[in-house]
Amino acid sequence: MHQGDKRTYLRLIVAGGLAVPLLIFPTVVSAARSDSAVELSRVATAQRTSPVATKVSKKTPWKLRFQDDFNGTALGSKWGTYAGTPGGNPTTTWRGSQVWVGGGALHIRAAKKGSHVISGGLANYRVHQRYGKWELRMKMSSKDLVKFVFLLWPTHGWPPEIDFAEDHSGQRGVFGAHMHYGVSNRQISRHSPSINTMSWHRIAVQWRPNKLQYLIDGHVWSTVRSNHVPKERMWLAIQTEGLRRSLAHAPASVDLEVDRVQVWSWKGA
């Protein structure tokens, strides 16, 4: 997550009845933002050299490893829900009861309770790997109450962390991507092109040695090339939490819906 001061992070993930604490030591964030323009890749129109149809190559560096379409009524065994309070954000409490599956989608509801937000999150902690591609199809209610964060989290220690979509405003018009690295928690940040996340979109990250690519609906919108790109094994986490501001005019609840999660391994690993 994108933070700007000294914090202690404590996350508890409940999986199979066991609470597994993830303790992150206090760090000072020194943001290292890029001023370069956002790269939004265009899909080139295929050109034919003859009226005869040519065979399209299906070669890909990715191999599908995991997919969840949330067609049942309960989370699968690869997931664990959060319990506790996000580090640096005491206005939010995570509870497993705020996460459920139904109607062909995963749901996370953030509900206002006085000056507090009760929300949820979950981790695909059994599907961890070094390098790969992660994609989810999502939409979220509007209003300035909560933000969503889709991230990759290391199996051991912290940093690194790859937040490949983090909403900061609650207005669902743009989001950030932040790669955390180093003992002083430095960051390389990008900001997405305009996007209405109140409608369905596919949000993804592709991770290879010294290279990250952030995608919206299959198109690369930014690339990070750096020797600070993580090398540790990581897993996917999906969470919402309250924005740290007045809730006086906030709605009673805000919902995040995810109807598909896919994870590919990288064939070069």
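The values are calculated or read from the model by the stated rules, or taken from the named source; none is laboratory data. Being a predicted model, the structure only gives us computed values, none of them experimental. Ideal geometry is used to build each Cβ from the backbone, glycine not excepted, and the neighbour counts take in all protein chains shown.
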- Item | Single unsatisfied condition, VAL183 versus (1) modelled with pLDDT of 95 or more; (2) touching a Ser or Thr at 6+ places or on another chain (Cβ under 8 Å); (3) not aromatic (Phe, Trp, Tyr) | (1)
- Across segment 73-94, what is the total count of residues that are surrounded by fewer than 17 Cβ atoms within 10 Å (Cβ to Cβ) and at pLDDT 95 or above? 4
- Task: Please state which of the following conditions ILE238 fails to meet, knowing it meets all the rest: (1) touching a strand residue (DSSP E or B) at 6+ places or on another chain (Cβ under 8 Å); (2) outside any strand (DSSP E or B).
- Result: (2)
- Item | Test result for ILE188, closer than 26 Å to SER141 by Cα and either part of a strand (DSSP E or B) or aliphatic (A, V, I, L, M) (or both) | no
- Taking the stated definitions as given, is ILE216 buried (at least 18 other Cβ atoms within 10 Å of the Cβ) and in contact (Cβ under 8 Å) with a residue 40 or more places away in the chain? no
- Message: Quick check on this structure: which one of ARG244, ARG202, ARG225 is basic (Lys, Arg) and surrounded by 15 or more Cβ atoms within 10 Å (Cβ to Cβ)?
- Response: ARG202
